[in-house]
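Chemist: Could you have a look at this structure, given as structure tokens, before my questions?
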Amino acid sequence: MTDQLTADPTAERDGAASTAPTSWWRDAVIYQVYPRSFADSDGDGIGDLPGLRSRLPYLRELGVDAVWLSPFYASPQADAGYDVADYRTVDPMFGTLADARALLGDAHDLGLRVIVDLVPNHSSDQHEWFRRAIAEGPGSALRARYHFRPGRGAGGELPPNDWPSIFGGPAWTRTTDPDGTPGDWYLHLFAPQQPDFNWDHPAVADEFRTILRFWLDLGVDGFRIDVAHGLVKAEGLPDLGARTEWHLLDVGVSPCFDRDGVHDIYRSWRRILDEYPGERIAVAEAWAPTLDRVADYVRPDELHQAFNFSYLGTAWDVATQRRVIDESLRAMRRVGAPATWTLSNHDVVRHTTRLLQTDEGDVAGRRPVEVDPVAGLRRARAATLLLLALPGSAYLYQGEELGLPEVVDLPPEVRQDPAFHRATGQDGYRDGCRVPIPWAGEKAPYGFGPEGGASWLPQPASWARLSVAAQQGDPASTLELYRAALALRRAEPALGAADNLRWCEAPAGLLVFERGGSVRCTVNMTDAPIRIARPGQALLTSGPVDLSGPEVEIPADTTVWWVPGSPDGAS
Ligand code: NOJ
């Protein structure tokens, strides 16, 4: 990894020299904004870039280092913007390119970096290349930029192979030729409106290098790479055979996921990123079968970070957590990359709800169930303090700092997840974590948009008490817990990037580790209190803890950060 001398957007905030050496991303806290659900400036019920821009001071105050924006590009929104029709245009629903530029300017002025989503595995079926490929018929040269194939069966009536779409149904859709007769099929690992690019075609690779440069020139600090493990398919698109279902963390040797060829693409992208000042980064959404395979995406000449989906799906028990944390650190250490940690995003059940669910299987697309909200929040807060004490970089998802639960009772008619009606797909329950977040007030849309306005998904009546305004200044609130944790993380060097975690002996049910000898984290992962000798001075607790005696009882599902040493703080 390069430790360049760079202009550091946070320098102004800290009063540091702008040429300080920095690898800002190695321990960065990166906050995911799902633009359509963050802040709506014009009252159309859908969040937008000006709305986000007006809320940047909130994010600075929260204490995050960077913001990652889910797609805001021109798109028919068949998959909430992950179906891009034009990679260089802002969809009017979100604003304009001038808004994007202004957003970047404001964010940088506030010391916040901005990462944007890049969707290279597939485009929208409304992308110019695909529209022309269809309109021009079987002879169109543009068809070679996607995967068009004749069907099987006497009349070509069967899909070219047996691959299922992740969203359910076959991964192929048959086209109709300009003369009205049934034609070839095209591949889409996701919705039919999301045709997969053929990355063997040089025009595709060229186009994406240009897109990278376009946004880098505009000033973005990096990219989150959607379906980073999917770009390269096995030659000949062979059948899956007996394996006709996808399990995201069990893709094994798959003909379309985690193929070795993807790494050449990322090497070429890394060279582009490194041409720009300021340590521009890329983070892979790469579902690979093992953490070692994930680590391959972040070798020194490839991308910078990869999401740790193994951790996201880890059960709430000491042995499993410890094993996955160890495996994550080991795998990333091998390639010199920081580990990343995340509990929630726009594809999974919010962790306030999910951590109390006991079902097995893939974490993505898991069907949410109602849980006890008090117990759910208690565990979520404990999990967050654990996450923020781990070495490496942390990803937060908008609204988790408010302790928002998953919305489990959205009526079918408001749901927009394209997989919802394709019942055999892995996803389909992703709307419940995408409900617009509450900012203030007693009535929906709770300051998400102008008073009396709508929100594209209905917000629960109970969210008035979870709004930013309702929690601000209340030391017991989840918002203030996040602010305190992020401030401590920023102030305490041992919580920074260094790979310095040491496990400590602990009674059953308690996870205990130290960071660089100066912060100790104890997590009670059981349903009952655990009594221990007080390990030092408490820095922060995820819930109420009686700290008055020489012994301390850590309540169920509670995390405490300590300065190890004598309880009064002297070491
Ligand atoms: C992963 C994204 O996070 C998800 O929201 C999207 O549906 C798929 N990739 C397809 O782009």
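Chemist: Can you pull out the strands (runs of 3 or more DSSP E) entirely within segment 103-191 that have at least 3 residues that are touching a residue at least 40 places away in the same chain (Cβ under 8 Å) and within 16 Å of the ligand (Cβ to nearest atom)?
Modeler: Numbers: elements: 113-118, 172-176, 182-187.
Result: 113-118.
Chemist: Select, from Gly376, Gly403, the only residue that is out of contact with any Pro (no Cβ under 8 Å at 6 or more places or on another chain), away from the ligand (no atom under 16 Å from the Cβ) and not polar (S, T, N, Q). Write out each step before concluding.
Modeler: Numbers: Gly376 fails: out of contact with any Pro (no Cβ under 8 Å at 6 or more places or on another chain).
Every option except Gly403 fails the conditions.
Chemist: Being in the same structural domain as Tyr266 (by TED's automatic domain parsing), out of contact with any Phe, Trp or Tyr (no Cβ under 6 Å at 6 or more places or on another chain), within 16 Å of the ligand (Cβ to nearest atom) and assigned to a loop (DSSP other than H, G, I, E, B) is the requirement here; does Val227 meet it?
Modeler: Working: in the same structural domain as Tyr266 (by TED's automatic domain parsing): yes; out of contact with any Phe, Trp or Tyr (no Cβ under 6 Å at 6 or more places or on another chain): yes; within 16 Å of the ligand (Cβ to nearest atom): yes; assigned to a loop (DSSP other than H, G, I, E, B): yes.
Taking the combined requirement at face value, the residue satisfies it.
Chemist: If I go through segment 125-163 residue by residue, how many of them are modelled with pLDDT of 95 or more, among the acidic types (Asp, Glu) and crowded, with 16+ Cβ neighbours inside 10 Å?
Modeler: 1
Chemist: So, one more: Only one residue in Gly51, Gly45 is more than 17 Å from the chain's Cα centre (by Cα), modelled with pLDDT of 95 or more, in the same structural domain as Asp226 (by TED's automatic domain parsing) and on the phi < 0 side of the Ramachandran plot. Which one?
Modeler: Working: Gly45 fails: on the phi < 0 side of the Ramachandran plot.
Gly51 is the lone residue from the list that is more than 17 Å from the chain's Cα centre (by Cα), modelled with pLDDT of 95 or more, in the same structural domain as Asp226 (by TED's automatic domain parsing) and on the phi < 0 side of the Ramachandran plot.
Chemist: Are any residues in segment 460-475 in contact (Cβ under 8 Å) with a residue 40 or more places away in the chain and over 20 Å from Leu59 (Cβ atoms), and if so, which ones? Give the derivation first.
Modeler: Here is the first cut: in segment 460-475, the ones in contact (Cβ under 8 Å) with a residue 40 or more places away in the chain are 460, 463, 466-468, 471.
Listed by number, the list holds a single entry, Pro460.
Chemist: Another question, if that's okay. Quick check on segment 419-428. Is at least one of its residues at pLDDT 95 or above and within 16 Å of the ligand (Cβ to nearest atom)?
Modeler: As a first pass, look at segment 419-428 and keep what is at pLDDT 95 or above: none.
No: segment 419-428 contains no residue that is at pLDDT 95 or above and within 16 Å of the ligand (Cβ to nearest atom).
Chemist: Right, next: Filter the helices (runs of 4 or more DSSP H) completely within segment 286-375 down to those with at least 1 residues that are under 19 Å from the mean Cα position of the chain (by Cα), outside the structural domain of Val523 (by TED's automatic domain parsing) and farther than 30 Å from Val232 by Cβ. First the steps, then the outcome.
Modeler: Working: elements: 291-295, 309-312, 318-335, 351-354.
In segment 286-375, the matching helices (runs of 4 or more DSSP H) lie at 318-335, 351-354.
Chemist: Quick check on Pro138: is it in contact with a Gly (Cβ under 7 Å, 6 or more places away or on another chain) and under 30 Å from Ala485 (Cα atoms)?
Modeler: On the way: in contact with a Gly (Cβ under 7 Å, 6 or more places away or on another chain): yes; under 30 Å from Ala485 (Cα atoms): no.
In short, no.
Chemist: Out of the residues in segment 395-425 that are among the charged types (D, E, K, R) and assigned to a loop (DSSP other than H, G, I, E, B), which is surrounded by the fewest Cβ atoms within 10 Å (Cβ to Cβ)?
Modeler: Residues of segment 395-425 among the charged types (D, E, K, R): 400-401, 406, 409, 413, 415, 417, 422.
The next check asks that each one be assigned to a loop (DSSP other than H, G, I, E, B); those that pass are 406, 409, 415, 417, 422.
Working: Glu406: 26, Asp409: 10, Arg415: 18, Asp417: 21, Arg422: 18.
Filtering segment 395-425 for residues that are among the charged types (D, E, K, R) and assigned to a loop (DSSP other than H, G, I, E, B), the one surrounded by the fewest Cβ atoms within 10 Å (Cβ to Cβ) comes out as Asp409.
Chemist: Same structure again: Any residue at all in segment 27-45 that is among the hydrophobic types (A, V, I, L, M, F, W, C), more than 16 Å from the ligand (Cβ to nearest atom) and free of Cβ contacts under 8 Å to residues at least 60 places away in the same chain?
Modeler: Looking for residues that are among the hydrophobic types (A, V, I, L, M, F, W, C), more than 16 Å from the ligand (Cβ to nearest atom) and free of Cβ contacts under 8 Å to residues at least 60 places away in the same chain, one finds none in segment 27-45, hence no.
Chemist: Which numbered condition in (1) closer than 15 Å to Ser393 by Cβ; (2) out of contact with any helix residue (DSSP H, G or I) (no Cβ under 6 Å at 6 or more places or on another chain) is the only one that Thr320 fails?
Modeler: (1)
Chemist: Of the residues Pro120, Pro76, Pro92, only one is closer than 22 Å to Tyr186 by Cα and surrounded by fewer than 24 Cβ atoms within 10 Å (Cβ to Cβ); which?
Modeler: Being closer than 22 Å to Tyr186 by Cα and surrounded by fewer than 24 Cβ atoms within 10 Å (Cβ to Cβ) holds for just one of Pro120, Pro76, Pro92, which is Pro76.
Chemist: Then there is this: Residues in segment 200-212: is at least one modelled with pLDDT of 95 or more, in the same structural domain as Pro76 (by TED's automatic domain parsing) and within 21 Å of Trp25 (Cα to Cα)?
Modeler: Looking through segment 200-212, at least one residue is modelled with pLDDT of 95 or more, in the same structural domain as Pro76 (by TED's automatic domain parsing) and within 21 Å of Trp25 (Cα to Cα).
Chemist: Something else now. Assess whether Ala20 counts as being hydrophobic (A, V, I, L, M, F, W, C), more than 19 Å from the chain's Cα centre (by Cα), more than 16 Å from the ligand (Cβ to nearest atom) and modelled with pLDDT under 95.
Modeler: On the way: hydrophobic (A, V, I, L, M, F, W, C): yes; more than 19 Å from the chain's Cα centre (by Cα): yes; more than 16 Å from the ligand (Cβ to nearest atom): yes; modelled with pLDDT under 95: yes.
Spelling it out, Ala20 is indeed hydrophobic (A, V, I, L, M, F, W, C), more than 19 Å from the chain's Cα centre (by Cα), more than 16 Å from the ligand (Cβ to nearest atom) and modelled with pLDDT under 95.
The values are calculated or read from the model by the stated rules, or taken from the named source; none is laboratory data. All values reported here derive from a predicted model rather than from experimental measurement. Virtual Cβ from ideal backbone geometry, glycine too; neighbours counted across all protein chains shown.
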